[in-house]
Amino acid sequence: QVQLVESGGGLVQAGDSLRLSCAASGRTFSSYAMGWFRQAPGKERDFVAAISYRGGRTIYADSVKGRFTISRDNAKNTVYLQMNSLKPEDTAIYYCAASMAVGRTTSAYDYWGQGTQVTVSS
């Protein structure tokens, strides 16, 4: 199994940037596509971004295109989410997840981290 631990969340002002990190356990990290999801109170868990197992293919939700960048460093067993130009509507708990293939739905992912809170004030 893969264990995932997110870090890097916090409280920022609109327009600021944050970089989230997700550290994975095990040698098999490089075999998984990785994704980021977010969930605001009372809302569904929504897709944010995903990256293929080698890092050559990325996909994004329309709401974050041009602002967020997903990347990975397989040597460090870590996936990142660089978030720029943050908006109050980005406020949510952000979750890292691992999948056998790149996807936009929660059902495609087998392993999940505990989440990290991102709060953007106006």
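Just a few scattered comments:
- In percent, rounded to a whole number, the relative contact order of the chain is 36, using alpha-carbon pairs under 8 Å and six or more apart.
- Computed over the chain, the range of Cα coordinates on each principal axis works out to 41, 27, 23 Å, biggest value leading.
- Sequence of Ile93, Ile51 when ordered by accessible area, the most exposed leading, probe 1.4 angstrom: Ile93, Ile51
- Spin-label model, Tyr111 to Arg19: label points 7 Å out along the Cα-to-beta-carbon direction sit 2.3 nm apart.
- Per-selection metrics, the stretch 30-92 (Cα): Rg and Dmax in Å: 12.2, 37
- Pairwise centroid distance, computed over Cα atoms, of the stretch 53-75 with the stretch 1-22, Å: 14 Å
- Sites Ala40 and Gln3, calculated FRET efficiency, Cβ-Cβ separation with R0 22 Å, nearest 0.05: 0.30
- Surface composition of the chain: carbon plus sulfur atoms hold 45% of the accessible area, using a 1.4 angstrom probe and ignoring ligands, DNA and RNA.
- Set of lysines with alpha-carbon distance to Lys87 below 21 Å, sequence-local pairs under 8 removed: Lys43, Lys65
- Theoretical gain in end-to-end length, Ser121 to Thr69 [0.36 nm per residue, Cα-Cα removed]: 16.6 nm
- Rolling a 1.4 angstrom probe over the protein heavy atoms with all chains in place gives the stretch 28-72 an accessible area of 53 Å² per residue.
The values are calculated or read from the model by the stated rules, or taken from the named source; none is laboratory data. Quantities reported herein were computed from a predicted structural model and do not represent experimental measurements. With ideal geometry, Cβ positions are generated from the backbone for all residues, glycine too; neighbour counts draw on all protein chains shown. The accessibility values were calculated without ligands, DNA or RNA, using every heavy atom of the protein model including side chains. Shrake-Rupley method; radii C 1.70, N 1.55, O 1.52, S 1.80 Å.
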